1. Can you tell me the order of 82-94, 166-178 when each peptide is scored by its average per-residue count of other Cβ atoms within 10 angstrom, highest first?
2. Using only alpha carbon positions, build the gyration tensor of the range 2-123, then give the equivalent ellipsoid semi-axes as the square roots of 5 times its eigenvalues, largest first, whole angstrom.
3. Whole-Hz ³J(HN,Hα) for each residue in the range 167-177, computed from phi via Karplus 6.51 cos²θ - 1.76 cosθ + 1.60 with θ = phi - 60°, x for glycine and proline: what do you get?
4. If you take the beta carbon distance between L119 and D58 as r and set R0 to 35 Å, what does 1/(1 + (r/R0)^6) give as a FRET efficiency, to the nearest 0.05?
Amino acid sequence: MIIERATSRDLPLLLAFREEAASWLTAMGSDQWQRPYPADRLLATIQAGVVYMVRDGDATAATITLTPEAEDGLWTARELQEPSMFINKLTVARTHAGQDLGGRLLDWAGDRAYRSGALWLRLDAWTTNRKLQEYYLQHGFNHVRTVTDGGAVNGGPRVSGWLAQRPTAATEDHGFTDQTGPCSLRMDVSAS
């Protein structure tokens with residue numbers, strides 16, 4: 001399997017991935033990802049060069065967003081001074097489920113973050129999705145805290161505020177052929 005940067009041509013596939021994941025999550029009893037993700041915001045992250053696709057031959061097996069940009073209101077000013085990379089939208093196609101592809105992507109992200117000079121690999125997970133939180137704990141993340149306010153429109157509760165981190169580490173055990181190019185703690189392309 002190879003991992004490469006997403007292109008604007010991947011936008012429909014990424015939106016379909018999100019829908020597929022939302023349906024699966026609903027079947028599992030979770031309220032995660034029930035609102036459609038805005039296509040323009042997803043396109044901006046693709047154009048910023050921070051969305052990655054795992055390809056298995058002609059099939060797309062998974063996607064992950066790895067960015068030096070933290071979501072507003074989650075991490076403290078002191079934490080934001082520490083060199084970190086942030087994971088978002090890790091999604092595995094149901095056709096490739098059960099192969100620990102997500103765990104391998106977390107290892108790839110930790111290696112890429114390490115090579116970029118980051119000390120921490122950080123994420124925010126859905127606040128009510130206990131299974132997802134347990135998954136990240138099983139993959140070496142430590143829970144930092146849960147932020148429950150300031151996330152939704154009109155001042156409602158934050159739905160993705162379970163924060164976790166793990167130290168970055170060099171590894172090539174992820175098993176992907178990495179075709180993503182150089183990495184940096186700065187955005188590769190402006191998202192504006």
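1. On the way: 82-94: 19.2, 166-178: 13.8.
Output ranking for 82-94, 166-178: 82-94, 166-178.
2. Details: eigenvalues 109, 59, 46 Å².
Computed over the range 2-123, the values are 23, 17, 15 Å.
3. With coefficients 6.51, -1.76 and 1.60, one gets x, 6, 7, 6, 7, 10, 6, 5, x, 8, 7 Hz.
4. Numbers: r = 38 Å, r/R0 = 1.08.
It comes out at approximately 0.40.
A short reminder: the numbers here are calculations on the coordinates, not readings from a lab. This structure is a prediction, so every number in the text was calculated from the model and none was measured. Counting neighbours? That spans all protein chains shown, and the Cβs are built from the backbone with ideal geometry, glycine included.
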